[in-house]
Amino acid sequence: QDSYSYVYDAINGTKRSWNSPLSPGHYIVTFLTGLNHVISDSYHGSKVFFSMMGMLSCYIIYKCAVLFLGRENRKTFYFIALFPSLFFWSSVIDKGTIIILGMSIYAYGTISWHKTKKASCFVPILSGILIMACFRIWMGAIAAFPLVVLFLMSDIKFYKKIALILASLTIVFFLGKQFTANYGIETLDLAFKFLEFKSKSWSYA
């Protein structure tokens with residue numbers, strides 16, 4: 001697994017294939033390097049930390065459900081926390097754990113804004129998009145696009161609605177431009193081929 005390489009490189013100060021800032025592994029190794037100042041170069045300590053981060057992500061997603069439905073339901077939490085793929089990917093030393101955390105923060109901010117319309121909700125929304133974009137830049141763009149629909153369907157004043165929609169589209173186009181520039185994608189057809197290739201990376205005939 002990549003997790004062994006991440007921890008090894010963080011402990012020994014080597015980054016090898018993770019050296020490029022375009023590589024998600026670069027941010028993982030940088031994060032682990034800082035973490036090792038606290039847990040003293042421990043693989044097990046890193047594993048526990050990432051697992052706790054994953055559990056926090058599941059809890060935040062659960063709180064999103066509580067906020068949206070307006071009631072507590074422990075069964076919902078256990079369903080989320082024990083969902084097979086989420087259970088696995090939220091407990092490994094990998095970018096997936098941090099992406100899930102970014103998703104949960106983004107979701108909480110989005111639902112909070114839907115319920116309260118407070119400006120402070122944009123802090124978790126933008127933080128979540130930034131976290132996802134650091135590891136999978138297209139995920140940041142994908143997360144920003146639904147905000148256009150959310151703001152369009154909201155009951156806020158017209159000028160605020162237009163401003164928020166334009167801000168969301170700006171984020172989408174900026175991240176989309178970065179994505180195409182990073183991967184040398186010049187046409188929409190190439191973008192779909194790239195995503196298709198990524199989706200089949202874990203497929204085995």
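Brief remarks follow.
- Pairwise FRET efficiency - Met52 versus Glu72, Cβ, R0 = 22 Å, nearest 0.05: 0.50
- In order along segment 80-90, phi translates into HN-Hα couplings of 5, 5, 9, 5, x, 5, 5, 4, 6, 6, 8 Hz, rounded to whole numbers, per the Karplus curve 6.51 cos²θ - 1.76 cosθ + 1.60 with θ = phi - 60° and x for Gly and Pro.
- Computed from label points 7 Å out along Cα-Cβ, the spacing between Phe87 and Ala181 is 4.3 nm.
- Other-chain or far-sequence residues with amide H under 5 Å of Ser90's (modelled H): none
- Whole-Hz ³J(HN,Hα) from phi, Karplus 6.51 cos²θ - 1.76 cosθ + 1.60, for segment 39-47, glycine and proline x: 9, 6, 6, 10, 5, 4, x, 5, 4
- Surface accessible to a 1.4 Å probe, Leu126 within the full protein complex, Å²: 90
The values are calculated or read from the model by the stated rules, or taken from the named source; none is laboratory data. As the structure is a computational prediction, the values presented were derived from the model and not from experiment. Cβ coordinates were reconstructed from backbone atoms using ideal geometry, including for glycine residues, and neighbour counts include every protein chain displayed. Calculation scope for accessible area: heavy atoms of the full protein, side chains included, ligands and nucleic acids excluded. Shrake-Rupley method; radii C 1.70, N 1.55, O 1.52, S 1.80 Å.
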